[in-house]
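S.K.: Pasting a structure here, questions to come.
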Amino acid sequence: MTDGVFDPAWLSQSWAKPSKPRPIVIFGAGSIVGDAHFPAYGKAGFPVAGLFDPDHAKAEKLAANWGVTAYRSIEEATSIDGVIFDLATPPAHHAGVLRALPDGAVALIQKPMGSDLSEASEILEICRAKKLKAAVNFQLRFAPMMLALKDAIARSWLGDVVDFDAWLALATPWQLWEFLLKAPRVEIAMHSIHYLDLIRQLLGDPKGVHAKTLGHPGHKVAQTRTSAILDYGDTVRCALSINHDHKFGRKHQACEFRICGTEGAAYLKLGLNLDYPRGEPDILEIYPKGGSDWVTVPLVGEWFPDAFVGRMANVQRYASGEDAELVSSVEDAWSTMALVEAAYQSSAAPATPDRGEALTWSRLSISRITRSARRA
């Protein structure tokens, strides 16, 4: 900021690197590891010692592509000293891997933090009992556009945030994640959880949530569409409209946030989700306090792989004492899981009023009006 004039170059978009990064041991050999973890760590210069996956042939193939060791057992993988353990495992397997880690280890856990709030609570207790320095990989917080947005809000370029809209209409290739095809919880638990977590970081915890999440007659994935309203009282409006089944060409697809404040606003395009995993460039534009037009913020990177760089950098720096805060620690991540659980509970509950309640209410209202008219 210079003399009250908005300069996007002043916005922070990256996380400081650790001075002496520790080697990383990865659990899991799924697509996210090859698409994001390895490219991010290679770009940042973070050393990867090796990886383990129960499917050893799959692990060997991915390890060979990146020149690292494929461990033959979880015991072998957890015996490596002085490393960061990176769990890129399906949520139901997190607890088992965490129990196998040495006490006091440093771990980064793939989101979500378990399949539901009960598993999240179990994971939290494991981490507490073993004194693990553990965080959850809510890496959207570390995307360059999101770091810049958070900085702009902190510098008061938007004033007080009063509106947050997330709008997605796109075609997501769920087949890339085979374990999701039969999972009972998909859209909120595996995708929109990123947005709920980011909203918590920017706006704090809501008072409650109204949500409906559902599948689509064209496939058998449990849920791929969600509408949600987060209750922040009478000042802040927060709404999400998510549709992963908009398979009618790129022209009218969208993946964007609109954040409005009392004195400015921000627009973001999350390009990764459009034609995933190739994606499109991310976009951040800000209409700053005191400005007269939108200003494009030149971004220094993209959600993938740069957010994974920042996410791991914070874990590394916290382990070495260079960072005082472990962002998205398991303690904080549990609250995101609680919000996810509340959204599913809201979706399972009947609308208010449902058809029967509405008919009863209408009859009572008519009866009251009739009685009042007769007395008059």
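S.K.: Any idea of residue 119's accessible area? Nearest 10 Å², probe 1.4 Å.
M.R.: Here the accessible area works out near 50 Å².
S.K.: Would you calculate the separation in nanometres between label points at residue 236 and residue 203, each defined as 7 Å from the Cα along the Cα-to-beta-carbon direction?
M.R.: About 0.6 nm separates the two model spin labels.
S.K.: Taking every pair of Cα atoms in the range 168-218, average 1/r, invert it to obtain the Kirkwood radius, and report Rg/Rh to two decimals.
M.R.: 1.01
S.K.: A follow-up question, please. How large is log10 of I(q)/I(0) for the range 160-254 at q = 0.11, 0.17, 0.19, 0.25 Å⁻¹ when the intensity is taken from the Debye formula with one equal scatterer per alpha-carbon?
M.R.: Listed by q, the Debye log ratios stand at -0.35, -0.77, -0.92, -1.30.
S.K.: If you average the C-alpha positions of the range 122-171 and of the range 242-263 separately, how far apart do those two centres end up, in angstrom?
M.R.: 19 Å
S.K.: How high is the relative contact order of the range 105-256, in percent, counting Cα pairs under 8 Å that sit 6 or more residues apart?
M.R.: Values: 216 pairs, mean separation 38.5, N = 152.
So the answer I get is 25 percent.
S.K.: Let me check against my output: what whole-number percent is the relative contact order of the chain, with C-alpha pairs under 8 Å and at least 6 apart? Don't skip to the answer; put the middle values down first.
M.R.: On the way: 718 pairs, mean separation 76.8, N = 376.
Reported as a whole number, the value is 20 percent.
S.K.: Continuing with the same structure: In the P(r) worked out for the range 209-340, what percent of Cα pairs fall beyond 17 Å?
M.R.: That fraction is 75 percent.
S.K.: Give the carbon-plus-sulfur fraction of the accessible surface of the chain in %, rounded to a whole number; probe 1.4 Å, heavy atoms of protein chains only.
M.R.: Working: 9340 of 17440 Å².
The computed percentage sits at 54.
S.K.: A further question follows. Which value does Rg/Rh take for the range 215-273 over its C-alpha atoms, Rh per Kirkwood? Please report the intermediate quantities before stating the final value.
M.R.: Values: Rg = 14.7 Å, Rh = 14.0 Å.
Using Cα coordinates only, the ratio equals 1.05.
S.K.: Treat each spin label as a single point 7 Å out from the Cα along the C-beta direction, and report the residue 179 to residue 278 distance in nm.
M.R.: Going from the residue 179 label point to the residue 278 one covers 2.8 nm.
S.K.: Can you compute 3J(HN,Hα) from phi for each residue in the range 4-15, using the Karplus curve 6.51 cos²θ - 1.76 cosθ + 1.60 with θ = phi - 60°, rounded to whole Hz and x for Gly and Pro?
M.R.: x, 9, 5, 10, x, 5, 7, 7, 6, 10, 9, 9
S.K.: I'd like to verify something in the chain: which complete DSSP H helices, judged by Cα projection on the helix axis, reach 24 Å or more and average at least -0.5 on the Kyte-Doolittle scale? Mind dumping the intermediate values first?
M.R.: Values: long enough: 330-348 (26 Å, 0.20); 355-375 (30 Å, -0.77).
The answer, listed by residue number, is 330-348.
S.K.: Hey, any idea what the orientation-averaged projected area of the convex hull of the range 55-203's Cα atoms comes to, in nm²? Could you put the intermediate results ahead of the total?
M.R.: Details: hull surface 46.7 nm².
Approximately 11.7 nm², given one-decimal rounding.
S.K.: Across all directions of projection, what mean area in square nanometres is found for the Cα convex hull of the chain?
M.R.: Details: hull surface 95.6 nm².
Reported value for the Cα convex hull: 23.9 nm².
S.K.: Helix-only estimate, please: 222 nm mean residue ellipticity of the chain, summing -39500 (n - 2.57) across DSSP H runs of length 4 or more and dividing by its residues, to the nearest 500. Provide the component values of the computation, followed by the final result.
M.R.: Working: 10 runs with 119 residues, N = 376.
Theoretical 222 nm ellipticity from helices: -10000 deg cm²/dmol.
S.K.: Continuing with the same structure: Return the FRET efficiency for the residue pair residue 43, residue 92: r is the Cβ-Cβ distance, R0 is 25 Å, and the value is rounded to the nearest 0.05.
M.R.: Details: r = 30 Å, r/R0 = 1.21.
Between residue 43 and residue 92 the formula returns 0.25.
S.K.: If you line up the Cα atoms of the range 1-136 on their principal axes, what length do they span on each, largest first, in Å?
M.R.: 59, 37, 26
The values are calculated or read from the model by the stated rules, or taken from the named source; none is laboratory data. Treat the numbers as computed from the prediction; the structure is a model and nothing was measured. Please note: Cβ atoms are built from the backbone with ideal geometry, for glycine as well, and neighbour counts cover all protein chains shown. Surface accessibility is based on the protein's heavy atoms, side chains included, excluding ligands, DNA and RNA. Shrake-Rupley method; radii C 1.70, N 1.55, O 1.52, S 1.80 Å.
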